[in-house]
Every structure is written in C-alpha cells, then in structure tokens.
1. Would you mind working out the magnitude of the charge dipole of the chain relative to its Cα centre, with +1 at each Lys and Arg C-beta and -1 at each Asp and Glu C-beta, to the nearest 20 Debye?
2. In whole Å and largest first, what semi-axes does the C-alpha gyration tensor of the chain yield when each eigenvalue is scaled by 5 and square-rooted?
3. For Gln134, enumerate residues with amide H under 5 Å from its amide H, sequence gap 5+ or separate chain, H modeled in the peptide plane.
4. Counting other Cβ atoms within 10 Å, keep those with at most 15, restrict to DSSP loop, and tell me which trypsin sites (Lys or Arg not before Pro) in region 312-345 are left.
5. If we count every other residue with Cβ under 10 angstrom of Ala26's Cβ, Lys/Arg +1 and Asp/Glu -1, where does the sum land?
6. How far apart, in nm, are the 7 Å Cα→Cβ label points at Gln264 and Val53?
7. Quick check on the exposure proxy: order Glu188, Glu219 from fewest to most C-beta atoms within 10 angstrom.
8. What do you get when you divide the Cα radius of gyration of region 62-146 by 2.2 N^0.38 Å, with N the number of residues?
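Where a number appears in this text, it was derived from the coordinates with a stated rule and is not lab data. If you're wondering where the values come from, they're calculated on a predicted model, not measured in any experiment. When we count neighbours, we look across all protein chains shown, and the Cβ atoms used for this are built from the backbone with ideal geometry, even at glycine.
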Amino acid sequence: MSASLNLNPRQQRILWATVQHYVSTAEPVGSKVLAQEYNLQVSPATVRQVMGVLDKAGLLFQPHTSAGRVPSDGGYRLYVDHLIQPSKATAQQVGAQLSQTLDWDGWSMEALLRGAAQILATLSGYLTLITVPQTSTARIRHVHLALVGPDQILMVLLLNSLESQSMVVHLPHEADDEARDRDTLERELQILSNFLSTRLEGRSLTDIEHLDWGELGREFERYINGVRSAIQTFVRRSQSANPAPFVISGFAEVLRQPEFSELQHMQSIVNFLEGEQAQIWPLVFETVPGEQSNRQLRIWIGSENPLEPMQGCALVSSTYSREKIPVGSISVLGPTRMMYEDTIAVVEAAADYLSTNLNQLAGVPTGWD
C-alpha cells in the first residue's frame with residue numbers, strides 16, 4: 001500500500017498501537033490511553049495530533065463524535081502488510097498440536113481435515129474452513145481392476161489426494177467366456193492393472209486419455225474399449241466437478257467475538273457459508289495471476305471482500321500442496337478486528353503441515369468418498 005511509504009516511524013508506531021489496542025479490547029481508543037499504555041515517549045497531545053493525521057489519511061476513524069478512534073479497513077491493510085510479522089510461537093504451537101493429535105495412519109482424509117479444522121478454530125478463536133483435496137489437480141498413484149462378474153470388472157483409481165474413484169466396466173460377451181476360468185480372468189486383470197498403473201502413475205486425471213494400447217497382447221483386446229471409456233468418464237468428472245466442499249469448524253469460538261454476538265448477523269454468515277461455497281472458492285483457492293508460488297497467502301479485509309455478506313469480516317487463506325501442485329486451501333474467517341499476527345501464523349503453519357504430510361504419505365488411500 002503506497003500510503004505506508006508516506007508514514008514516518010512515529011505515525012507507524014501510533015497506528016500499530018491503535019490497532020493493537022482495538023484488537024485487544026474492541027473499544028475505541030484515545031490519545032491519552034495510547035500514550036500511557038504503549039510507551040510512545042510523546043505527550044498525549046502529540047499522539048492526538050498524529051491520530052488526526054491518520055484519520056485524514058483514511059487509516060483511522062471515529063465511530064462516534066465523542067469517541068476515540070478505531071482502525072479502518074485501510075488501516076488494517078497497512079498494519080498487515082507493513083507493521084507485523086507472523087507469530088513464530090503460534091506457528092510452533094499449531095505444528096505441535098496437529099502432529100500430536102492427527103493420525104495419518106489410522107484416520108480417513110475427512111477425519112484428518114475435521115480434526116485439523118477443530119484444532120485451528122480452537123487456537124485462533126475464529127471460523128476455520130478447509131477444502132478437501134481437489135480431484136482435478138490430484139495425481140494417480142495406482143490403478144486396480146477387479147472381477148465382479150463374468151462380463152463386469154470394477155476399475156478403481158487411487159489418487160495422491162487420498163481420494164479414490166471407481167466405476168463398473170461392462171465387457172463384451174465372448175463365445176469362449178465359459179471355458180475361461182476365474183483364475184485366468186483375474187490373472188489377465190492383474191497384468192492389465194500393472195500396465196495401467198505403470199503408464200498412469202503420477203499423471204493427472206486430465207492427462208491420461210492418450211495411452212499406447214498397442215503394447216498389450218491380443219488377449220486384452222476385449223478390455224480396451226471398456227477401460228478406455230471408463231478413463232474418459234473419469235476425465236469428464238474431473239473437468240466438470242464442482243469445487244471441493246469445505247470442512248468448517250469454529251462457530252462456538254467465533255460467537256465469543258462481539259462482532260458476531262447478534263444472532264441475525266451470525267445466521268447470515270452461516271447461511272452463506274453453507275449455501276454459497278462456490279462463490280467463496282475463488283477467494284481461497286484460485287491462483288493469483290503472475291504469481292508462481294505453489295503456496296499463496298491471501299488476505300481479504302472488510303470492504304476488500306467482493307462478497308457482501310463477508311464484508312464485515314477478514315479472511316486469511318493459504319493453499320496446501322501435493323508435489324508442488326495446490327490441491328486445497330486452509331482459511332480462517334473472523335472479524336476485521338482480528339489478531340492478524342496469530343491468524344496468519346495459524347494458516348501458514350497448517351498449510352505447511354498438510355503439504356508436508358501429503359508429500360510424505362505412503363500406503364493406500366482410504367476413507368474419503
């Protein structure tokens with residue numbers, strides 16, 4: 001924000017103190033309190049004069065004529081971009097809590113994300129929204145074909161996002177089917193499973209349609225059309241899929257904030273989060289043009305948010321990745337009067353934790369339907 005370049009160190013310090021006080025108390029603050037509580041080493045009159053300058057710059061405002069001042073959305077933006085650093089202590093606490101609580105060997109992906117959301121909501125005191133890994137960005141880990149009937153096989157794609165996709169493939173009936181025993185059919189399916197796993201491992205669902213089927217022997221011709229059709233269906237599913245749903249936690253925590261104490265206000269946010277998740281998705285996941293990082297922190301403050309029901313809130317988001325590809329997002333939603341140092345640390349530490357564990361993941365994905 002260019003305004004930050006025009007603030008001298010004293011003005012920056014007084015803006016910082018004003019935000020700190022308002023975040024802590026939810027009460028407007030005057031010059032005398034700031035001078036006494038934040039060791040500004042200037043008189044209340046000087047603080048009052050600086051606050052007037054910050055008010056004219058649109059960084060502070062008076063909610064009432066006789067009241068002290070509070071930060072504006074622009075004041076919060078300058079504070080976040082230039083006056084603070086994420087809390088290292090909070091980041092360490094988040095990482096330790098997630099590591100001690102979540103069980104990657106025994107829990108499904110849904111359980112892991114719900115557990116993580118609950119921990120982050122408790123630590124931040126705000127709403128936490130985590131998206132499940134996106135199928136369209138996931139990579140194939142393994143293909144399995146299983147016989148379910150004389151003319152039917154089950155094709156299962158296991159993805160590195162801990163999700164699986166499956167489909168029943170119908171095969172053409174052939175005259176010699178009765179003469180072929182089940183062991184022969186299962187042996188052929190195992191060979192075909194190995195062939196597909198080798199050729200498709202590490203490829204995305206949108207990049208698997210072009211296989212050289214000529215490498216297979218003639219005994220596999222009856223499988224090819226059905227399997228190819230199934231692959232095309234998997235591709236269409238991934239391309240037309242709706243954005244992944246959110247796992248949401250923290251309603252009890254955020255109700256403790258005075259901004260959300262009015263039931264009608266809170267109800268409108270709940271309804272929006274439950275019914276309009278497709279609108280929220282671009283705010284928390286879609287990449288920012290020109291940015292190449294595989295993990296992007298995004299912060300929407302008050303009126304910056306294009307979604308009207310959330311314009312009284314602050315939203316802090318970061319993507320988490322698998323193999324350097326963003327597959328989901330972690331977000332914290334609270335009032336603009338947010339403890340940004342802690343919230344940013346919570347979101348970034350959780351994104352690092354999920355990315356690290358997804359990349360180290362070994363074994364067969366289970367549990368997310």
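1. Its charge dipole is roughly 1780 debye.
2. They are 55, 18, 17 Å, listed from largest to smallest.
3. For Gln134, whose amide H was placed from the backbone, the distant partners under 5 Å are Gly328.
4. Lys324
5. Here the count lands on -1.
6. Rounded to a tenth, the inter-label distance reads 4.2 nm.
7. So the ranking, lowest neighbour count to highest, is Glu219, Glu188.
8. My calculation over the Cα atoms of region 62-146 gives 1.71.
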